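K.L.:
Please see the structure below; I have some questions.
The values are calculated or read from the model by the stated rules, or taken from the named source; none is laboratory data. As the structure is a prediction and not an experimental result, all values here were calculated from the model. Note: areas computed on protein heavy atoms with side chains; ligands, DNA, RNA excluded. Shrake-Rupley method; radii C 1.70, N 1.55, O 1.52, S 1.80 Å.
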Amino acid sequence: MNTLLAPLINSWKTPELRRKILITALLFIVFRIFAHLPLPGVDTLKLRALFAQNQFLGLLDIFSGGTLVNFSVMALGLNPYINASIILQLLTIVFPSLEALSKEGDYGREKINQYTRFLTVPLAAMQSIGMYALLKNQGIVVELNPVLLLAMIITMTAGTLLAMWIGELMTEYGIGNGISLLIFAGIVGRMPVVLGQTASTITAEYATSAVLFGILAVGVIAATVFVNEAVRRITVHYARRVRGNKIYGGSTSYLPLRVNQAGVIPIIFAVSMVLLPSLAGGFLLQVQNPIASNVGRFLTSAFNPNGAIYNVLYFTLVIGFTYFYTAITFNPAKIAGEIQKYGGFIPGIRPGAPTASYLNYILTRITLAGALFLGLIAILPSFARQLSGVSTLLVGGTGVLIVVSVVLETVKALEAQLVMRNYDGFLKE
């Protein structure tokens, strides 16, 4: 326990890091205040009931940092910014000019971040219109005249930009990645409410199930940490090169290939796709046409989150998107070219195309293990709900992965800054 808490204790003892921790906490408080300032004309009780029944909206609430379920001024939260980041990341793979810009160091990253901010504005406006239409069809928000509707769209878009600005301030002046920390705060902030609801509903009949669920949750978290940190290290030797009177190279390093190369992105893509039929079915059920109502009834029943079709399709989509995202973010030919450029080679493998084929061979097999794990994590809540009978405690696989990843990332950031401070002190001496 002392080893786990050592980075936090040592960081608090360091004045500079203590200031960053306090700034992060202050920004958390500001974010949560705005998260509880609701927009007018919304029935919050009906809104919470809708979110409890719709997993797609629950996913959006996770990435809004817990602001969407309250329909606050930050109702959209960080969703448009995350979507813009994913779009820019995909466009970087497609357009060579953006790829070249991403390689220009800090300047290139700042320009891409600026493009991401610009793209966030229209995405936030479109999502606010879609959210208003959805809630109006459900009878949760009253119909607004054009002026009030425009004011709501501007307010929700400005709330997204404010959340994005708070996240960037946290990244610059606080600890860790601000956007990830805000999402983490939204998930963790709802845990006391969920635990309270569970404590009031659990009876002696479900007490054993709750204990088993707790043990299962600890096992899932441990497995998530293990897979998230697991890497396959490929040995790379660098040949000696003589330039003048100096000898370069002759060292050995490792190329780390992560088992979970894609992170949480495949689950985001998969759950967005698999929930579209049931979401469309909900709209069709409200149509007066009998044929449309029958189609909506079929889609709603066939893609029930507890049904076999839903879980099989969900599992398959997670595996497919894991391979897809890994393929567009990790280029074996490019890595092989970089290794060859600096005089490196993998023992027993010829440089160039054979190295690229070998890396692709290894990556395909370790990605299968990561994809299967993500698929199991994604559908595990549905099975746990049926086995334990406890539904209020369930947190989706996306939430578990985000919480675990953010905690590990933040602890590593603290350790890195502590090491850097020690090096600075050594150099000053």
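K.L.:
Need one word for the stretch 324-368: rounded, prolate or oblate. Basis is the Cα gyration tensor (sqrt eigenvalues a ≥ b ≥ c); a/c below 1.5 gives rounded, then a/b vs b/c decides.
P.N.:
Oblate, since a/c reaches 1.5 and b/c is not below a/b.
K.L.:
Just read off the accessible area of residue 109 with the full protein assembly in place, 1.4 Å probe, to the nearest 10 Å².
P.N.:
Surface open to solvent at residue 109 totals about 120 Å².
K.L.:
Per residue, what accessible area does the stretch 78-195 have, given a 1.4 Å probe and all protein chains present, in Å²? Before the final figure, lay out each step's value.
P.N.:
Working: 5890 Å² over 118 residues.
Value for the stretch 78-195: 50 Å² per residue.
K.L.:
Which pairs, out of 20/412; 13/412; 111/341; 111/334; 20/103, put more than 25 Å between their alpha-carbon atoms?
P.N.:
Over 25 Å Cα-Cα: 111/341; 20/103.
K.L.:
Please list 136, 111 in order of solvent-accessible area, largest first, computed with a 1.4 Å probe with all protein chains present. All intermediate terms of the calculation are to be shown ahead of the outcome.
P.N.:
Numbers: 136 80, 111 50 Å².
Largest to smallest exposure gives the sequence 136, 111.
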